[in-house]
Amino acid sequence: MLGSLLNNVVPKAWSQSYYSVKALSNWNNELKERYAFFELWAQKGQPFVYHISYFTYPTGFTTSLLQKFSRKAGSPSIDRLELDFLTQNKTVADISEVVKDGAFITGLYLEGAKWNLEKMCLMEPEVMELICPMPVIHFKPIPMRKKLPGFYLCPCYYYPIRQGGVGRDSFMLNIDLRTGD
């Protein structure tokens with residue numbers, strides 16, 4: 001453990017709390033942010049916006065959004081629901097109420113693309129801009145539908161290493177993002 005601490009690497013015993021490819025100092029900062037997010041949620045109630053990368057298993061959270069919606073009177077069963085992804089032109093600070101169905105999500109990033117807030121679509125990133133933050137997205141449960149043209153089925157991963165490992169899948173879900181010209 002001492003060797004890990006001296007080399008700024010997360011000790012193996014600590015990595016059981018959540019997997020990360022970050023150095024120890026960044027991992028520790030993120031751990032503090034995660035703790036603060038969940039502590040605030042426990043003390044003040046449901047947040048207006050959820051930071052999805054703070055969840056150890058975000059797919060459990062997205063499944064719970066579908067489950068909650070499916071329990072409403074007249075709603076389809078969970079196996080006949082999917083999430084719609086409505087990008088917002090508001091910042092986290094601008095959102096001041098809980099959304100009726102689903103949740104506002106932040107903490108997602110694009111690799112090799114960028115989000116155009118004016119046209120509300122994907123665009124080419126700037127030169128040497130490898131990773132770009134996504135705006136707040138409303139994950140809204142809806143009945144299943146046919147895929148719409150003009151959308152890119154963007155894969156979303158827990159962490160940058162996409163192949164995962166034994167017992168640790170990297171793929172989370174696909175998000176429909178509007179494509180530009």
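A few remarks follow.
- C-alpha long axis of helix 58-70 to longest principal axis of the chain, angle in °: 30 degrees
- Within the chain, helix-based [θ] at 222 nm, where runs of 4 or more DSSP H residues each add -39,500 (n - 2.57), nearest 500: -7000 deg cm²/dmol
- Cα-based reach from residue 114 at 12 Å (exclusive), listing aspartates and glutamates while leaving out same-chain residues under 8 positions away: 124, 126, 129
- The length gained by stretching the chain between residue 38 and residue 116 to full extension, at 0.36 nm per residue less their Cα-Cα distance, is 25.0 nm.
- Proximal charge balance of residue 132 [Cβ under 12 Å; K/R count +1, D/E count -1]: -3
- The chain: angle of helix 24-44 to the longest principal axis, Cα-based, in degrees nearest 10: 50 degrees
- Straight Cα distances below 18 angstrom link residue 68 to the lysines 100, 140, with same-chain residues fewer than 8 positions distant left out.
- Over all orientations, the chain has a Cα convex hull whose mean projected area works out to 13.2 square nanometres.
- Full extension of the segment from residue 68 to residue 109, taken as 0.36 nm per residue of separation minus the current Cα-Cα distance, would add 12.1 nm.
- The packing ranking, built from the mean of other Cβ atoms within 10 Å per residue, places the peptides 105-118, 62-75 in the order 105-118, 62-75, highest first.
- Note, ³J(HN,Hα) from phi for region 171-181, Karplus 6.51, -1.76, 1.60, rounded to Hz, x at Gly and Pro: 6, 10, 6, 9, 10, 7, 10, 5, 8, x, 5
- Using alpha carbons only: equivalent-ellipsoid semi-axes of region 97-181, gyration tensor based, whole Å: 21, 20, 14
- Region 4-58: projected area of the alpha-carbon convex hull, averaged over directions, in nm²: 4.1 nm²
Coordinate-derived values only; no laboratory data. Since this is a predicted model, take the numbers as computed values, not measurements. In this analysis, Cβ positions are derived from the backbone assuming ideal geometry, glycine residues included, and neighbour counts consider all displayed protein chains.
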